[in-house]
Amino acid sequence: MKNTLWLALLLCLSFCAEKASPPAPVLPIPDAKQIAWQELEYYGFVHFNMNTFSDREWGFGDEKPEMFNPTELDARQWARVASEAGMKGLIITAKHHDGFVLWPSAYTEHSVKNSPWKDGKGDLIKELAEACKEYGLKFGIYYSPWDRNHPDYGKPEYITYMRNQLTELLTNYGDIFEVWFDGANGGDGYYGGANEARKVDKFSYYDWPSMYELVRELQPGAMMFSDGGPDVRWVGNEHGFAYESTWSNLMRDSVYAGMPDYPKLYASGQENGTHWVPAEADVSIRPGWYYHKYEDHKVRTLPQLMEIYYKSIGRNSSLLINFPVDTRGLIHENDVEAILKFGEKVKADFEVNLVAQASVSANKDRGNGYEAENLQDEDYETYWTTPDGGNTGEITIDFGAETTFNRLLIQEYTPLGQRVKSFVLEKESDGNWEKIAEGTTVGHKRILRFPDVLASKVRVRFTDGKDIPVISEIGIYNAPKLLLPPIYSRIKSGEVALNAPDEGLEVYYTMDGSEPSTESQLYVEPFLMDNAGSTLQAISVDPVSGKESESLRADVDLAKTHWLGSTEKSIKAIDENPTSYFMAEDNKLTLDLGENVSLKGFTYLPMQARYPSGFITNYAFEVSTDGKSWKQVAAGEFSNIVNSPIEQIIRFDEVEARFIRLKASKTADGNAATFAEVGVLTR
Ligand code: FUL
Ligand code: CA
């Protein structure tokens, strides 16, 4: 009898107890489409149209449709790569600033219908929409308001043209998840042959309120992107980084697309922003948005891509990575390799959530339905929160045993508004709490990275906020180290640095040609290597797992310590800094090596800037022992240097010299020759 009573009471306690009332929202809050969109987090951009064939970033508008001629175009390849890389959607440049359109629009002749591609019968918007469907991706369009081709740009007629085209795009191709309005607009252009500069009032010209209304009417579920939203905003830079403090709240009415002060004043959002307009970080996988063969060797590396991930998705922003599809109409092999490796690494970093098996408790909770266990159920809809009053709260996570980790992930339940202003992660050690890391805003997702920590109990303290914390999930992870070879660099004094590619890795090296191992020299700080002709080999090692990277091999030649240039500025060509350069009005660089050296060749690194000039295509190389009488020891061309501006290595028969001179007999663009770095070979 007694037992059954107890049982009934217990059952009632767990089932009869009413769910406590949810906290009141803190405004602004996201609407339904914004809530659905933020789940996507990561999607791709495709920059492909006329610029791909004119080899430009911004076309002038006078390009001929005949130039658009991809030979192996395969939109399914784009979709397959995107989905294999973990992306949830693709957005394509349906029309860029040059005005050429990728679908057979009824409102212009400047389109694929007058191109050789598929004999003018192609519709790339349709092909990509179908490919996205096949691969389970959302589909979005980029539409440039600025149109350097259209004769009416700047006049009211053009606004009608824009509405007509948007109507085609938003009616004929199924669901569109995002409409991307570029902020760049106004300036010089072809404009149907007028060839002039046209300025528009970016605030009023496009009649944005009615444009938004049109999009809403045709695609109610679409997110509209521009500098200031209305639904998703630009992160304010093109390298893919959000901010330490990133609010989804924005003073939306103070912002319009293309406003000059936007990046500085508005891009990070504002604590007291009036509207919910979350950030989107857009970045290209190469320096350019469009394909240029000369950037084939400049695809972002895995460490760079990981940095972008943690500074975008890890900072309350979505991430939009661009593929500059090539002239064949394919995502280039190098880009495919990079994005797939990136997808794998992200997966590996978040493979095992250590919170799942831990016991999680809070210093207070709101009652039934809002307990701490909601933080570990992998369900965004369930959350922990506290009774009303104050703006703090503490979560303790007990792993039950010493555990190693290096990432903290927190998600706020944003349908009730973004609240947290600061939090700290601490570990227990001998009865005291020690700080591991801290952060400011959280929002949809916040990830902190820190060196490996070993602890059996940690706590997250929410120390300040706009109101009580409302938290959906907490994750703690032990991301595997990025086991790539060390990163080699040298400075003019001849010192060599070997930087580990990830935190917590050790670097070992040899200089005698033997394979490095953990028995070799441990790298602690830059060291001098002035003895010419050594081979440096180095590996990164994870001291915890004992795993080793592949080995780096660098043929280290003569240090430039005592080298002098004939002019002060020419030092830029021998400072061991690949990004600085010397421009020679007389097309030559003369160097004094400080002593007689037995030379077997030279190296030339062309200028590495985004828009380089003065690449040497034809050279002569001369040597001298006294700086007066010169002898030419090599001459020829640097083949393919424009498309592939990598270090050029030229060998010649051994010769003794103290002075060397590299002359340009021709540069690619006819401009003064530039030298990023010049070196010699003594082996
Ligand atoms: C910018 C444009 O001017 C670039 O060409 C590119 O499309 C980038 C995504 O947006 O504003
Ligand atoms: Ca949850």
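In degrees from 0 to 90, rounded to the nearest 10, what is the angle of the helix 208-218 Cα long axis to the longest principal axis of the chain? Value to nearest ten degrees: 70. The Rg/Rh ratio of the range 538-683, with both radii computed over alpha carbons and Rh defined as the Kirkwood radius, is 1.04. Rg/Rh for the chain (Cα atoms only, Rh after Kirkwood) is 1.03.
Projecting the alpha carbon convex hull of the range 130-288 along each direction and taking the average yields 10.6 nm². Adding -39500 (n - 2.57) for every DSSP H run of four residues or longer, then dividing by how many residues the chain holds, sets the calculated 222 nm ellipticity at -4500 deg cm²/dmol. Average projection, convex hull of the Cα set of the range 267-407: 12.2 square nanometres.
Of all DSSP beta bridges confined to the chain, the antiparallel ones make up roughly 75%. Where both bridge residues fall in the range 471-577, DSSP classifies roughly 95% of the beta bridges as antiparallel.
Semi-axes of the equivalent ellipsoid of the range 71-194 are 27, 16, 13 Å, computed as sqrt(5λ) over the eigenvalues of the C-alpha gyration tensor in descending order. Under the classification rounded if a/c is under 1.5, otherwise prolate if a/b is larger than b/c and oblate if not, where does the range 394-445 fall, given a ≥ b ≥ c as square roots of the Cα gyration tensor eigenvalues? Prolate, since a/c reaches 1.5 and a/b exceeds b/c. Shown here is the pair-distance distribution of the range 479-521: with all Cα-Cα distances grouped in 10 Å bins from zero up to the longest one, the shares run 25, 49, 24, 2 percent. P(r) tail for the range 391-483: Cα pairs beyond 23 Å make up 23% of the total. Can you tell me the 0 to 90 degree angle between the C-alpha axis of helix 333-349 and the longest principal axis of the chain, rounded to 10? Long axis of 333-349 versus the principal axis of the chain: about 40 degrees. Relative to the longest principal axis of the Cα atoms of the chain, the long axis of helix 2-15 lies at roughly 50 degrees.
Note that the range 170-246 presents 41 Å² accessible area per residue, ligands and nucleic acids not counted, probe 1.4 Å.
Taking a Cβ cut-off of under 12 Å around Glu515, the surrounding Lys, Arg, Asp and Glu residues balance to a net charge of -3, with basic ones at +1 and acidic ones at -1.
Remark: the Ser665-Lys126 segment gains 189.0 nm on full extension, using 0.36 nm per residue and subtracting the alpha carbon distance. Shown here are the Rg and Dmax of the Cα trace of the range 456-497, at 21.1, 57 Å. With N counted as the residues of the range 200-247, its alpha-carbon radius of gyration over 2.2 N^0.38 Å works out to 1.39. One equal scatterer on each Cα of the range 282-337, no solvent, Debye formula: the resulting log10 I(q)/I(0) at q = 0.16, 0.25 Å⁻¹ is -0.48, -0.99. Count the net charge of all other residues whose Cβ sits under 9 Å from the Cβ of Ala267, scoring Lys and Arg as +1 and Asp and Glu as -1. Local charge sum for Ala267: +1.
Highest mean packing first, where packing is the average number of other Cβ atoms within 10 Å per residue, the peptides 658-664, 515-521 line up as 658-664, 515-521.
The values are calculated or read from the model by the stated rules, or taken from the named source; none is laboratory data. Just so we're clear, the structure is a prediction, and the values are computed from it rather than from any experiment. Heads up, the Cβs are rebuilt from the backbone with ideal geometry, glycines too, and the neighbour counts pull from every protein chain shown. Heavy atoms of the whole protein, side chains included, go into the accessibility calculation; ligands, DNA and RNA do not. Shrake-Rupley method; radii C 1.70, N 1.55, O 1.52, S 1.80 Å.
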